[in-house]
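K.L.:
Here you go, one structure.
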Amino acid sequence: MLPPVVADPELGRRLAVHEAIVHARAGRELRDLGDGFLLHDPGDAEPFWNRLVAPDWPLDDEAFDRRLDEVTTLFATLGRLPHVRTLPQGARPHDTEARLGEAGFRPVGWDRAMVLTDTGPALALARTMEKRPGVRLEHVIVGATSRAMDVARVLVEAFDVETDRTPGLAAESLAAARRPGGAVLLLLENDRPVAAARRVTLDGATYLSSIGTIPAARGLGYGSLLTAVAINEALGEGTGLVHLLAEAAMEDAIRLYARLGFEAVGEPIADLLLR
């Protein structure tokens, strides 16, 4: 059974914008367009780093089409594929995804925004860390290149990505550990890296990401444990809101987060590209 859905349009918009703010680093910029926010990376054409989030466009058909033309032109001037990320709830117009589909945009993925509404389960699980023989936690620190590589290898295995991305993921881990409010967590079982996660706290909210467990260690609760520890640390630092994204099709992961006290917010978020 999937978790209940939180019906709160303003919360959905806040989570979407906060996630974009978290990613606006390492040369990336977040522009407030007045009716949406443009995340842009001048040095990397990857669509994930170049997208318009939280669109709030005209309801009138002609005005909507005119604004879409302006946004499409903006992406073209930047040399990027037009990429729009919908809101989980409260989008204007409510049929934005359908209208973009009629204009030639195609979905490349859907995510579930999830927010922590019950801290009890995560805090209780985090307290069990000391009772697990052979299991320990490390935080990647600036200059710890070998540990950053361990995190990268965990993520490569967990998400089945190309091994040539390992150095880049390691560099991202070091950068995440260096930034204010950021932390990279690595879980080890008898000195073997088995799970990793990142958290960033900005503007009173914490975003969790890159939560992964190597295939050989799945089913042992390490992903849940590490997520719980990250939540415990964030709450201990005074954060007022904890959220994450889960692939909408990965119902097992969504149930895992639900057991930790998360609830889904609105409907699945669509990533729409015009190719």
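The values are calculated or read from the model by the stated rules, or taken from the named source; none is laboratory data. Fair warning: this is a prediction, and the values are worked out from it, not measured in the lab. Heads up, the Cβs are rebuilt from the backbone with ideal geometry, glycines too, and the neighbour counts pull from every protein chain shown. For accessibility, only protein heavy atoms count, side chains too; no ligands or nucleic acids. Shrake-Rupley method; radii C 1.70, N 1.55, O 1.52, S 1.80 Å.
K.L.:
At 1.4 Å probe size, with every protein chain present, just tell me what the per residue accessible area of segment 1-105 comes to in Å².
P.N.:
48
K.L.:
At a 1.4 Å probe, what is the % contribution of carbon and sulfur to the accessible area of segment 114-250?
P.N.:
Numbers: 3220 of 6140 Å².
Its accessible area is 52 percent carbon and sulfur atoms.
K.L.:
Run lengths n ≥ 4 of DSSP H only: what is the helix-derived mean residue ellipticity at 222 nm for the chain, with -39500 (n - 2.57) per run over all residues, to the nearest 500?
P.N.:
Taken over the chain, the calculation gives -11500 deg cm²/dmol.
K.L.:
Of the peptides 210-218, 126-134, how do they stack up when ordered by the mean number of other Cβ atoms within 10 Å, highest first?
P.N.:
210-218, 126-134
K.L.:
Take R259 and A216, extend 7 Å from each Cα along the Cα→Cβ direction, and tell me the distance between the two endpoints in nm.
P.N.:
2.4
K.L.:
To the nearest 0.05, how large is the calculated FRET efficiency for A26 and R92 if R₀ is 25 Å and r is the Cβ-Cβ distance?
P.N.:
On the way: r = 31 Å, r/R0 = 1.26.
For A26 and R92, the calculated efficiency is 0.20.
K.L.:
Right, another one. By average Cβ neighbour count within 10 Å, what is the ranking of 18-28, 65-75 from highest down? Please report the intermediate quantities before stating the final value.
P.N.:
Numbers: 18-28: 17.8, 65-75: 15.5.
Most protected by this proxy first, the peptides run 18-28, 65-75.
K.L.:
Per the Cauchy relation, a quarter of the hull surface: what is the mean projected area of the convex hull of the alpha carbons in the chain, in nm²?
P.N.:
Working: hull surface 57.9 nm².
So the Cα hull casts an average projection of 14.5 nm².
K.L.:
Per residue, how much accessible area does segment 125-275 show when a 1.4 Å probe rolls over the protein heavy atoms, in square angstrom?
P.N.:
Here the per-residue accessible area is 45 Å².
K.L.:
Let me ask something else about it. Taking the highest mean first, how do the peptides 183-194, 138-149 order by number of other beta carbon atoms within 10 angstrom per residue?
P.N.:
Per-residue mean Cβ counts within 10 Å order the peptides as 183-194, 138-149.
K.L.:
Can you classify segment 218-275 as rounded, prolate or oblate using the Cα gyration tensor, where a ≥ b ≥ c are the square roots of its eigenvalues, rounded means a/c under 1.5, and otherwise it's prolate if a/b beats b/c and oblate if not?
P.N.:
Oblate.
K.L.:
Could you work out how far apart the two model spin labels at A171 and T145 are, taking each label as a point 7 Å from the Cα in the direction of the beta carbon, and quote it in nm?
P.N.:
Each label point lies 7 Å from its Cα, and together they span 1.3 nm.
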